[in-house]
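What follows is one structure encoded as C-alpha coordinates, with my remarks underneath.
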Amino acid sequence: MVITGLVLTGVAALIHLFIFYLESIAWTSERARRTFGTGTVEEAKTQQALAFNQGFYNLFLAVAVALGIAFVAAGNTPVGATLVFTGAGSMVAASLVLGISSPDKLGAALKQGLVPALGIVALAIGLLG
(Lines give C-alpha, C1' and ligand atoms only; values in the text may rest on other atoms or scores of the structure.)
Protein backbone atom coordinates (compact mmCIF):
# COMPACT_ATOMS: atom_id res chain seq x y z
CA MET A 1 0.00 0.00 0.00
CA VAL A 2 2.96 2.33 0.51
CA ILE A 3 3.70 2.25 -3.21
CA THR A 4 0.03 2.84 -4.03
CA GLY A 5 0.00 5.83 -1.69
CA LEU A 6 3.17 7.25 -3.23
CA VAL A 7 1.86 6.76 -6.77
CA LEU A 8 -1.45 8.47 -5.94
CA THR A 9 0.23 11.38 -4.18
CA GLY A 10 2.68 11.59 -7.10
CA VAL A 11 -0.27 11.92 -9.47
CA ALA A 12 -1.68 14.61 -7.17
CA ALA A 13 1.66 16.43 -7.37
CA LEU A 14 1.47 16.31 -11.17
CA ILE A 15 -2.07 17.70 -11.07
CA HIS A 16 -0.89 20.56 -8.87
CA LEU A 17 2.08 21.15 -11.14
CA PHE A 18 -0.39 21.54 -14.02
CA ILE A 19 -2.49 23.92 -11.91
CA PHE A 20 0.69 25.93 -11.27
CA TYR A 21 1.27 26.12 -15.01
CA LEU A 22 -2.27 27.31 -15.69
CA GLU A 23 -2.28 29.88 -12.89
CA SER A 24 1.25 31.25 -13.05
CA ILE A 25 2.29 30.84 -16.67
CA ALA A 26 -0.79 30.49 -18.88
CA TRP A 27 -3.42 32.43 -16.88
CA THR A 28 -4.74 34.47 -19.81
CA SER A 29 -4.76 31.51 -22.25
CA GLU A 30 -8.05 30.13 -23.51
CA ARG A 31 -7.54 26.86 -21.65
CA ALA A 32 -6.88 28.55 -18.29
CA ARG A 33 -9.79 30.94 -18.77
CA ARG A 34 -12.09 28.04 -19.61
CA THR A 35 -10.79 25.96 -16.69
CA PHE A 36 -11.17 28.73 -14.11
CA GLY A 37 -14.11 30.54 -15.68
CA THR A 38 -12.36 33.90 -15.91
CA GLY A 39 -14.12 34.98 -19.09
CA THR A 40 -12.24 37.36 -21.35
CA VAL A 41 -8.51 38.02 -21.54
CA GLU A 42 -9.15 41.45 -20.03
CA GLU A 43 -10.98 39.93 -17.06
CA ALA A 44 -8.19 37.39 -16.57
CA LYS A 45 -5.57 40.16 -16.62
CA THR A 46 -7.26 41.85 -13.66
CA GLN A 47 -6.74 38.66 -11.62
CA GLN A 48 -3.35 37.71 -13.00
CA ALA A 49 -1.22 38.81 -10.05
CA LEU A 50 -3.37 36.84 -7.60
CA ALA A 51 -3.40 33.78 -9.86
CA PHE A 52 0.38 33.99 -10.28
CA ASN A 53 0.85 33.90 -6.52
CA GLN A 54 -1.71 31.11 -6.04
CA GLY A 55 0.02 29.04 -8.70
CA PHE A 56 3.21 29.08 -6.68
CA TYR A 57 1.36 27.71 -3.65
CA ASN A 58 0.35 24.77 -5.82
CA LEU A 59 3.93 24.38 -7.06
CA PHE A 60 5.28 24.31 -3.49
CA LEU A 61 2.77 21.61 -2.50
CA ALA A 62 3.80 19.53 -5.52
CA VAL A 63 7.48 19.98 -4.65
CA ALA A 64 6.90 18.90 -1.04
CA VAL A 65 5.19 15.70 -2.20
CA ALA A 66 7.89 15.00 -4.82
CA LEU A 67 10.65 15.48 -2.24
CA GLY A 68 8.78 13.21 0.15
CA ILE A 69 8.55 10.50 -2.46
CA ALA A 70 12.28 10.87 -3.14
CA PHE A 71 13.11 10.57 0.56
CA VAL A 72 10.99 7.41 0.88
CA ALA A 73 12.66 5.96 -2.23
CA ALA A 74 16.07 6.75 -0.70
CA GLY A 75 15.14 4.84 2.46
CA ASN A 76 14.33 7.74 4.77
CA THR A 77 10.68 6.90 5.29
CA PRO A 78 10.03 9.13 8.35
CA VAL A 79 11.15 12.31 6.57
CA GLY A 80 9.59 11.29 3.27
CA ALA A 81 6.23 10.33 4.76
CA THR A 82 6.15 13.58 6.73
CA LEU A 83 6.66 15.60 3.56
CA VAL A 84 4.09 13.57 1.61
CA PHE A 85 1.49 13.83 4.38
CA THR A 86 2.13 17.57 4.74
CA GLY A 87 2.01 18.35 1.01
CA ALA A 88 -0.89 16.06 0.14
CA GLY A 89 -2.74 16.97 3.33
CA SER A 90 -2.49 20.64 2.38
CA MET A 91 -3.87 19.78 -1.06
CA VAL A 92 -6.86 18.08 0.56
CA ALA A 93 -7.36 20.96 3.00
CA ALA A 94 -7.27 23.49 0.15
CA SER A 95 -9.83 21.46 -1.78
CA LEU A 96 -12.12 21.42 1.26
CA VAL A 97 -11.82 25.20 1.60
CA LEU A 98 -12.67 25.59 -2.09
CA GLY A 99 -15.65 23.24 -1.90
CA ILE A 100 -17.04 24.85 1.25
CA SER A 101 -16.44 28.46 0.27
CA SER A 102 -17.57 28.07 -3.35
CA PRO A 103 -20.11 25.24 -3.68
CA ASP A 104 -20.36 26.00 -7.41
CA LYS A 105 -16.74 24.83 -7.67
CA LEU A 106 -17.31 21.47 -5.99
CA GLY A 107 -16.23 19.64 -9.14
CA ALA A 108 -12.90 21.47 -9.16
CA ALA A 109 -12.48 20.80 -5.44
CA LEU A 110 -13.01 17.08 -6.01
CA LYS A 111 -10.49 17.07 -8.88
CA GLN A 112 -7.99 18.86 -6.65
CA GLY A 113 -8.53 16.84 -3.48
CA LEU A 114 -9.72 13.30 -4.19
CA VAL A 115 -6.46 11.84 -5.51
CA PRO A 116 -4.27 13.19 -2.68
CA ALA A 117 -6.87 12.05 -0.12
CA LEU A 118 -6.79 8.52 -1.53
CA GLY A 119 -2.99 8.66 -1.53
CA ILE A 120 -2.89 9.72 2.12
CA VAL A 121 -5.21 6.88 3.12
CA ALA A 122 -3.21 4.29 1.16
CA LEU A 123 0.12 5.55 2.51
CA ALA A 124 -1.18 5.57 6.09
CA ILE A 125 -2.51 2.01 5.74
CA GLY A 126 0.78 0.89 4.23
CA LEU A 127 2.87 2.46 6.96
CA LEU A 128 0.65 1.22 9.79
CA GLY A 129 0.23 -2.27 8.35
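The values are calculated or read from the model by the stated rules, or taken from the named source; none is laboratory data. Because the structure is predicted, anything quoted here is derived from the model rather than measured. Here Cβ is always computed from backbone atoms with ideal geometry, including for glycine, and neighbour counts include all displayed protein chains. Surface accessibility is based on the protein's heavy atoms, side chains included, excluding ligands, DNA and RNA. Shrake-Rupley method; radii C 1.70, N 1.55, O 1.52, S 1.80 Å.
Taking each residue as 0.36 nm, the span from residue 52 to residue 128 lengthens on full extension beyond its C-alpha to C-alpha distance by 23.5 nm. Could you check how much of the accessible area of the range 46-123 is carbon and sulfur, as a whole percent, using a 1.4 Å probe? Answer for the range 46-123: carbon and sulfur cover 75 percent of the accessible area. Taken along the Cα-to-beta-carbon direction at a fixed 7 Å, the label points for residue 40 and residue 7 span 4.7 nm. If you take the beta carbon distance between residue 73 and residue 110 as r and set R0 to 30 Å, what does 1/(1 + (r/R0)^6) give as a FRET efficiency, to the nearest 0.05? Calculated value: 0.55.
Helix 77-101 and the longest principal axis of the Cα set of the chain meet at an angle near 30°. Basic side chains Lys and Arg get +1 at the Cβ, acidic Asp and Glu get -1 at the Cβ, and with that the dipole of the chain about its Cα centre reaches some 100 debye. Inter-part distance, the range 103-129 to the range 25-82, computed on C-alpha centroids, equals 17 Å. Which one, 19, 69, 100, has the greatest fluctuation when you compute a Gaussian network model over the chain with C-alpha springs under 10 angstrom? Among 19, 69, 100, the largest mean-square fluctuation in the Gaussian network model of the chain belongs to 100.
Considering only alpha-carbon pairs that sit under 8 angstrom and 6 or more positions apart, the relative contact order computed for the chain is 36 percent.
Heavy-atom accessible surface of the chain, averaged per residue, reaches 57 Å², computed with a 1.4 Å probe.
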